[in-house]
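Reviewing the structure listed below.
The values are calculated or read from the model by the stated rules, or taken from the named source; none is laboratory data. This is a predicted model, so every value here is computed, not measured. Neighbour counts run over all protein chains shown; Cβ positions are idealised from the backbone, glycine included. Please note that ligands, DNA and RNA were not included when accessible areas were found on the heavy atoms of the full protein model with its side chains. Shrake-Rupley method; radii C 1.70, N 1.55, O 1.52, S 1.80 Å.
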Amino acid sequence: EVESGNVKGYVKTEYIYIGQEARKKADEIVESVAVETEEEKSEELFQFAESKEEEAERLQAEQEANMTQGQEVADYACEAIGKPYVWGGTSLTGGADCSGFVQSVYRDFGVSIPRTSSEQRSAGEAVSYEDAQPGDIICYDGHVGIYIGNGQIVNAIDQSSGIGITTATYTN
């Protein structure tokens, strides 16, 4: 008996290979099939399963990588502190409004997000405030900022304050 997601099925024992035996059998099959490149061989012919332990390790590594990149986003956004607030602006040096600031920070990381705060609020995946990580976008009614940790966001505040840090809970 085998399960994959919500699907349960059965496989005849003689067709099951695990560990080194599975690698050996895969190599034999790859050698017997004419495929143009080594990359195509591995990508097109096989998808190796992972144990629960291997999956847990992979997921932990992915989570750590995401946290590291989120911190990099937060740190980069903080480099714009002190720059001016410019309504409709998207420049990290010449000035930006809140959504232009967030869009420009993420653009510099190769991530394309919508332009306005309401569009940004509707994009991506919702995360509760309690689960917010540095680099997450915190959305308000008509405003957005980038969470930097410790209950704070970096954001384009207003014309008198420019780009700076405020508490993330200054409003709902």
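Quick notes on this one:
- Whole-number percent relative contact order across the chain, with pairs defined as alpha carbons under 8 Å at least 6 apart: 18
- The slack in the chain from Lys52 to Arg115, taken as 0.36 nm per residue of separation less the alpha-carbon distance, amounts to 18.6 nm.
- Gln152 long-range amide H proximity, modeled H, under 5 Å: Ala168
- Paramagnetic label reach from Thr171 (point 7 Å along Cα→Cβ; backbone nitrogen cut-off under 17 Å): within segment 122-146, residues 122, 138-146.
- Pairs of lysines in the chain whose Cα atoms sit within less than 23 Å of one another amount to 8, provided the residues are eight or more positions apart or on different chains.
- Local net charge near Ser99, Cβ-Cβ under 11 Å (Lys/Arg +1, Asp/Glu -1): 0
- Cα Rg, Dmax, the chain, angstrom units: 23.6, 73
- Rounded percent of accessible protein surface that carbon and sulfur make up, the chain, 1.4 Å probe: 48
- Solvent exposure of Phe101, expressed as accessible area, is near 0 Å², computed with a probe of 1.4 Å over the protein chains only.
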